[in-house]
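Some notes on the structure that comes next.
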Amino acid sequence: MERLRSSPLHANISTALDKHLESIHVVQARRKDEIVSASSRQRHGPPRCQDERVVLALAAALRALCLATRKVRTVLWCAFQMTLPK
């Protein structure tokens with residue numbers, strides 16, 4: 001889009017994209033933690049408290065990803081509108 005405009009976009013656009021990517025990485029890390037927790041629970045029996053914390057951390061990460069996705073969709077729509085010819 002910057003190439004189409006021949007000028008840089010607003011700094012908030014790149015910030016929103018960076019936060020979205022960061023949220024994706026956090027969700028991936030929480031999911032890996034959940035998989036490790038589930039596999040260790042099958043071997044050693046059910047430590048429920050730790051398991052619930054892992055799932056709650058994943059849920060919080062997914063909520064943050066949802067919010068970041070909404071924001072980045074809006075930001076990209078605005079950027080697209082700015083690149084359209086007048």
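The values are calculated or read from the model by the stated rules, or taken from the named source; none is laboratory data. Keep in mind it's a predicted model, so treat the numbers as computed, not measured. Heads up: the accessible areas ignore ligands, DNA and RNA and are worked out on the full protein's heavy atoms, side chains in. Shrake-Rupley method; radii C 1.70, N 1.55, O 1.52, S 1.80 Å.
Considering region 55-86, the residues that are β-branched (Val, Ile, Thr) and within 21 Å of residue 14 (Cα to Cα) include one that is most open to solvent (accessible area, probe 1.4 Å), namely 74.
Restricting attention to region 28-54 and to residues that are open to solvent by 100 Å² or more (accessible area, probe 1.4 Å) and over 30 Å from residue 17 (Cα atoms), the residue that is modelled with the highest pLDDT turns out to be 52.
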